[in-house]
Amino acid sequence: MSLALGGLPSVLPADKLAELKETAGKLCAPGKGFLAADESAGPWLRARHVEAAKIPDVAENRAEYRSMCFATPGLSEHIGGVILHWETLFQRDAQGKAIVDIIKDNGMIPGIKVDKGYNKKLGF
């Protein structure tokens, strides 16, 4: 039993438990929050700025937009974690750098949403 876990037994080895606590501490640091960047591929930038600027909704443009956002100087002063859409896990910027690495290199922790997005159920 562990007092650190409120008396609950831990099934994690001590090193993994320490890593988990460190990650949670970084994500919940005072003054920091999460950036929800888990928008679906199709309706990106719902404010319609892309349509107004005639920017095609293609993976390359979404990757460039994401890399621009995540590389913003000072972003990690306020953001501890970034929630990503699955597409982002595999994207690279124009120089070939993984978007996930841009996030990590800028002091934030990338995460992934685990749902499959909105799905309208019949009869509800």
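Based on Cα atoms of the range 58-99, Rg over Rh with Rh as the Kirkwood radius reads 0.96. For the pair LYS32 and LEU89, what calculated FRET efficiency results from E = 1/(1 + (r/R0)^6), where r is the Cβ-Cβ distance and R0 = 25 Å, to the nearest 0.05? The value I calculate is 0.65.
Bear in mind these aren't lab numbers, they're just calculated from the coordinates by the rules spelled out. Just so you know, these numbers come straight off a predicted model, no measurement behind them. Backbone-built Cβ (ideal geometry, glycine too); neighbour counts: all protein chains shown.
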